[in-house]
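Read-outs: derived from the displayed coordinates by stated rules, not from any lab. Computed from a prediction, not measured in an experiment: that's the story for all the values here. Because the Cβ atoms are built from the backbone with ideal geometry, glycine has one as well, and the counts that use them run over all protein chains shown.
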There are 2 protein chains.
Amino acid sequence: MDILKADKQSLEKRLDELKKQYEHFKSLDLKLDMSRGKPCREQLALSEGLLTVISHNDDAVYEGTDSRNYSLPLGLPACRKLFAEMLDVPVSNVVAGGNSSLTMMFDAMSQLVYMGAAGVLEPWHGRKIKFLCPVPGYDRHFDICEYFDIEMIPIEMDENGPKMDIVEQLAGSDPSVKGMFCVPKYSNPGGQTYSDETIDRLSKMKTAAPDFRIFWDNAYNVHYLTGGAPRKIVNIYERCVLYGNEDRPLIFTSTSKITMPGAGVGAFAGSDRNFDWYFKRLNVQSICADKVNQLRHVLFFKNADGVLAHMAKHAEIIAPKFDMVENILEEKLGGCGFASWSKPEGGYFISFDGYPGCAKKTNLMCKEAGVAFTAAGSTFPYKKDPLDRNQRIAPTMPPVSDLKTAIEVFAVCAELCAVEKRIEELS
Amino acid sequence: MDILKADKQSLEKRLDELKKQYEHFKSLDLKLDMSRGKPCREQLALSEGLLTVISHNDDAVYEGTDSRNYSLPLGLPACRKLFAEMLDVPVSNVVAGGNSSLTMMFDAMSQLVYMGAAGVLEPWHGRKIKFLCPVPGYDRHFDICEYFDIEMIPIEMDENGPKMDIVEQLAGSDPSVKGMFCVPKYSNPGGQTYSDETIDRLSKMKTAAPDFRIFWDNAYNVHYLTGGAPRKIVNIYERCVLYGNEDRPLIFTSTSKITMPGAGVGAFAGSDRNFDWYFKRLNVQSICADKVNQLRHVLFFKNADGVLAHMAKHAEIIAPKFDMVENILEEKLGGCGFASWSKPEGGYFISFDGYPGCAKKTNLMCKEAGVAFTAAGSTFPYKKDPLDRNQRIAPTMPPVSDLKTAIEVFAVCAELCAVEKRIEELS
């Protein structure tokens, strides 16, 4: 039933049906958690070999380096090489770090704010600083901006990535616009992959700030669901070099959702100047990262092809979960007229847009029926979704049966809220 | 030969002998590295079991938590408990972190500088800030101060720790003196353990700055060499609580030199307010630390007693190395009149004081003979040893035969420089 076209009477009838369905779900005493993008147990189990690939003292010595001892603040050379292959950047410009690329981003931002950017070295602190934030986006990027008191400007996305006319206009005219967060492939949560043109324009555009920086969070670089291989995107680093803007991108990735979240390895890459700049802090902050875990990853994967083969197994496990969510949404809300959702080719999320003004209430109703979703609004700066309609759905972690129930609950709540709202509007 | 009492002629004769000995060492084409305090292979091998204690998927699930997945930004409860036992602080006030307590210190300092201290929240940034630095001390503490543009005031140490009259005077009178770095047990490099009175006075003293903070780097908490057990020291946390100064200490430790440097676990502990303050940043900076590695440590050690049993094996390996260094120094320089050195009961270093004005040259001569020591001056703020006489000796890593040669070279160089200097002075 297309609720935008339905009359008040039909809507009221539909509301009754939905309320009954909702009460039924409430009576089931559910306890389902769909709130975070976490791998499921079957995915984690794929990396069992990582646990034993270094089992004996001698295994820990590799290419002359004892991974167990202090040394190599930039990371184990073989691990830097693995990331260089995965990111297609020179190995000399890659730092293999600790367990979290988020921490590397936080630290890089801290350095920008308090020490200034490489080559410019004028701290951002004490001045009005703005960042462009494609929306819907990743709440933890927004949290970093908020922590450092950086004003966030939401930038709408379309299927090619952030709307570049606006990005160019803002970055080109306002010197307080100092940077941008990007998840270029299988974006969180919309699933968009930036088009060649988008990346070209990001690399080429004039910026009013000489120290404009793009946080290029390639978190889902190899995390495809369909197509049998990850999408290829334009190499931001090469493109920026081409246009003489090589210091613009700060590139991050990690193995968190390849092997084990929290027990993976993060990486940073950037121009020579950015690399030296990054190292200057790193070398005071730390003696070295966990090279034993870096070596585990090297021995487990061998090379970038090894990573891809591993990701095929992930896709096998989680693609059906995404299919199920999409099928249930289609079945329950396909003709409803008010909702749309992403059909991602990769990444960890489905982005759902419901009837405006209903996301918070839908989320709350789900919660009251025992199904936790990511807090509504989280996908926007300051946790404020201006239309109150976006919900991030994270299908990977729950078992299939839980997932089915959770999405059915969600569909009922979303429609119920929409119908109620619509009746109000017609009254 | 006591060179302070010898006449010029005897000194010149002695110089000839020493030069011959030095040339002999140079001809050996040595390549020995004594520069850092690293465990040797035999010590690392003690933790082989750590590598396999989590070998199967099921091993990674502990007390209902899958250590492989995102969660628990404060660390695995069982790992927090282990550190709480080791530090004798409440488990609710402990964060089990990543692989480096140095990083935790850097981050805490960053937070103090840019966000201000817990309960005060007035950033230190933009004002003259001074820290008291017991000397000789740990170069990486000094590097942190230098990075954040904190002026370091060297504080002399005696066998009871930093000279408390001076500490009380400076901290009590100057509000720009905001804190202090302490390695309270088996200090780096002097080996001193702070006396009960020292710790009591540190806890009790009036400070002009309301946000005075002690970085209590208990890096060698359990790292004894003699006596069959680690020295007991006064619990700084309890003592500060007693005097109403519970926010004063920021307590750090790690397993770096218990299991594997770089692949260990670091920890932070502090008052409720400091804990909340620490978490506020941590929760933006990171989703969680590497809980798999935390769980490895929990399963490998079981409890603090397990750690102590492990440390006995370390002592067995490295105590003879310390003995050898002390014996060679005694044999070569025992009656020389110009040198003294620490005889540590624990920790990783011997601190050597030679003839004033000779440390840099001695270090360089060793280097030219193929024996690398920690750069002279490193044990002082700004790498400036005012008397140019201190050398940190790190006996743990080299095999016994290398160590013997290295110290023999060092003793010859130290005496040679001293004799040369003495001749100059008499001319």
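Values as computed for the structure displayed
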read-out: Computed FRET value (nearest 0.05) for A:LYS5 with A:GLU156, which takes r as the C-beta separation and R₀ as 30 Å; value: 0.65
read-out: Karplus-derived 3J(HN,Hα), 6.51/-1.76/1.60, for each residue of the range A:45-56, Hz, glycine and proline x; value: 5, 4, 9, 3, x, 4, 5, 10, 5, 10, 10, 10
read-out: Phi to ³J(HN,Hα) by Karplus 6.51 cos²θ - 1.76 cosθ + 1.60 over the range A:278-287, Hz, x for Gly, Pro; value: 4, 5, 4, 6, 3, 6, 8, 6, 7, 7
read-out: Cysteines having no other Cys beta carbon under 4.7 Å from their own, within chain A; value: A:CYS40, A:CYS79, A:CYS133, A:CYS145, A:CYS182, A:CYS240, A:CYS288, A:CYS336, A:CYS366, A:CYS413
read-out: Between the range A:65-131 and the range B:374-427, the alpha-carbon center distance in angstrom; value: 36 Å
read-out: Debye intensity ratio I(q)/I(0), log10, the range B:75-145, q values 0.15, 0.16, 0.22, 0.25 Å⁻¹ (C-alpha model); value: -0.69, -0.77, -1.07, -1.10
read-out: Among A:VAL298, A:CYS366, A:MET311 the positive-end extreme of the charge dipole of the range A:287-403 (Cβ point charges); value: A:VAL298
read-out: Dipole magnitude (debye, nearest 20) for the range A:92-219, charges at Cβ of Lys, Arg, Asp, Glu; value: 300 debye
read-out: Amide proton proximity set for A:TRP341, modelled H, under 5 Å, gap of 5+; value: A:ASP353
read-out: For B:ARG14, net neighbour charge (Lys/Arg +1, Asp/Glu -1) across residues whose Cβ lies under 12 Å away; value: -2
read-out: Partner chain coverage, peptide B:58-71 - average Cβ within 10 angstrom; value: 5
read-out: Label point 7 Å beyond Cα along the C-beta direction, distances from A:VAL61 to other copies (nm, shortest first); value: 3.8
read-out: Relative contact order computed over the range A:276-427 (Cα-Cα under 8 Å; 6+ residues apart), in percent; value: 24 percent
read-out: Amide hydrogen neighbours beyond the local backbone of A:ASP33, cut-off 5 Å, H modeled; value: A:ALA372
read-out: Peptide B:314-321 - average C-beta neighbours from other chains (10 Å radius); value: 0
read-out: Long-range HN-HN contacts of B:ILE129 with modeled amide H, under 5 Å; value: B:GLU151
read-out: Between 0 and 90°, nearest 10: helix A:164-173 axis offset from chain A longest Cα axis; value: 60 degrees
read-out: Whole-Hz couplings from phi, Karplus 6.51/-1.76/1.60, listed for the range B:257-269; x for Gly and Pro; value: 9, 9, 9, 9, x, x, 10, x, 10, x, 9, 10, 9
read-out: Positive-pole candidate from B:VAL284, B:PHE410, B:VAL89, dipole of chain B, charges at beta carbon; value: B:VAL284
read-out: Cβ-vector label at 7 Å, B:VAL241, separations to other copies in nm; value: 5.7
read-out: Acute angle (nearest 10 degrees) that the helix A:8-27 long axis makes with the longest principal axis of chain A, alpha-carbon atoms; value: 60 degrees
read-out: Percent of C-alpha pairs per 10 Å bin, the protein assembly as shown, short to long; value: 2, 12, 20, 22, 19, 12, 7, 3, 1, 1, 0, 0
read-out: Rel. contact order, % - alpha carbon contacts under 8 angstrom, at least six apart, chain B; value: 26 percent
read-out: Computed over the range B:275-427, Cα set: Rg, Dmax in Å; value: 20.7, 67
read-out: Cα-based Lys pair tally, the range A:204-309, threshold under 23 Å, eight or more apart or on separate chains; value: 7
read-out: Gaussian network model of chain A, Cα within-10 Å springs - most flexible of A:PRO175, A:PRO386, A:PRO154; value: A:PRO386
read-out: 0 to 90° range, to nearest 10: angle between helix B:359-368 axis and chain B longest Cα axis; value: 80 degrees
read-out: Per-residue [θ]222 nm for chain B (sum of -39500 (n - 2.57) over DSSP H runs n ≥ 4, rounded to 500); value: -13500 deg cm²/dmol
read-out: The range A:310-368: relative contact order as a whole-number percent, Cα under 8 Å and 6+ apart; value: 21 percent
read-out: Dipole magnitude of chain B, debye to nearest 20 (Cβ charges: Lys/Arg +1, Asp/Glu -1, about Cα centre); value: 460 debye
read-out: Per-residue mean of C-beta atoms belonging to partner chains within 10 Å, peptide A:279-290; value: 6
read-out: Nearest-first distances (nm) between copies at B:GLY116, label 7 Å from Cα via Cβ; value: 2.7
read-out: Set of lysines with alpha-carbon distance to B:LYS128 below 19 Å, sequence-local pairs under 8 removed; value: B:LYS178
read-out: Residues B:PHE279 and A:ALA229, FRET efficiency given R0 of 60 Å [Cβ-Cβ distance, rounded to 0.05]; value: 0.90
read-out: Exposure proxy order (Cβ contacts within 10 Å, fewest to most) of A:ASP385, A:ASP149; value: A:ASP149, A:ASP385
